[in-house]
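For reference, the structure discussed in these notes is given below.
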Amino acid sequence: IFLEKIGEPDAIFILANSNQATEQFHEGMAGFCKSQGRVLLGQNITGGIGKIIQRFEHEAEKSVVIGTERLFQAVLKSEKNTTIKTFLLLRLPFYPASHPLHEMHVAKLQNNFMEYSLPRAMILFKKHLYRLLEHTSVEDIHIMDPRFEQYDRKFLMALPKGVRL
């Protein structure tokens, strides 16, 4: 379904959870985007955040932008943010278990996943969606994480009214 959107004249934003994921997705999509006449802008691949925003503002309708939350926030502040019609979330926003903040918060919990990791990921997920809906004219949202429908459907229930996937 997502690949069909590449042929349409609207901006696409792909939110990755790491620079490594950005690089991998960029590498896999580069040839296809080029063959479709699209400009693929990858965080720290085709430039830093400032350069990507500059290119996005000049070529928004042809842009496929992929990056982390920092780039996502910058694009949402862009003058061309309303050109984003398709949004992909590659992975749900869980901290890695080895992340220092995660380790600090879960040290005293009995079930750290259910008491900290899952609620935190749900809050970030909702935050991403609300920002997206507030600043863009998004029409299609795709969650690529295969775990999305797991966790007792909590992520599905967290979707704002009117959001279709």
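The values are calculated or read from the model by the stated rules, or taken from the named source; none is laboratory data. For clarity, every value in this text was computed on a predicted model and none was experimentally measured. FYI the Cβ positions are ideal-geometry reconstructions off the backbone, even for glycines, and counts take in every protein chain you see. Calculation scope for accessible area: heavy atoms of the full protein, side chains included, ligands and nucleic acids excluded. Shrake-Rupley method; radii C 1.70, N 1.55, O 1.52, S 1.80 Å.
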Exercise. Taking Leu133, is it touching a Gly at 6+ places or on another chain (Cβ under 9 Å) and more than 15 Å from Thr68 (Cα to Cα)?
Worked result: yes
For this session: Scan (1) free of Cβ contacts under 8 Å to residues at least 24 places away in the same chain; (2) under 22 Å from Thr22 (Cβ atoms); (3) surrounded by 15 or more Cβ atoms within 10 Å (Cβ to Cβ) for the single condition His105 breaks and write down its number.
Result: (2)
Seminar exercise, completed: With the first residue restricted to region 137-151 and required to be open to solvent by less than 40 Å² (accessible area, probe 1.4 Å), and the second required to be acidic (Asp, Glu), Cβ contacts under 8 Å at 6 or more apart or on different chains are none
For this session: Taking Phe113 as the residue in question, decide whether it is under 22 Å from Phe148 (Cα atoms), assigned to a helix (DSSP H, G or I) and either without any contact (Cβ under 8 Å) to a residue 12 or more places away in the chain or among the basic types (Lys, Arg) (or both).
Result: yes
Exercise. Among Leu124, Leu133, Leu129, Leu92, which is the only one that is in a helix (DSSP H, G or I), crowded, with 17+ Cβ neighbours inside 10 Å and modelled with pLDDT of 85 or more?
Worked result: Leu129
Exercise. Of all the residues that make up region 1-50, how many are of a type in the set (Asp, Glu) and either modelled with pLDDT of 90 or more or in a helix (DSSP H, G or I) (or both)?
Worked result: 3
Seminar exercise, completed: Considering region 74-88, residues that are in a strand (DSSP E or B) and open to solvent by less than 10 Å² (accessible area, probe 1.4 Å), and then whichever is farthest from Phe25 (Cα to Cα), we arrive at Ile84
Exercise. How many residues does region 54-73 hold that are in contact (Cβ under 8 Å) with a residue 12 or more places away in the chain, open to solvent by 30 Å² or more (accessible area, probe 1.4 Å) and not in a loop (DSSP other than H, G, I, E, B)?
Worked result: 7
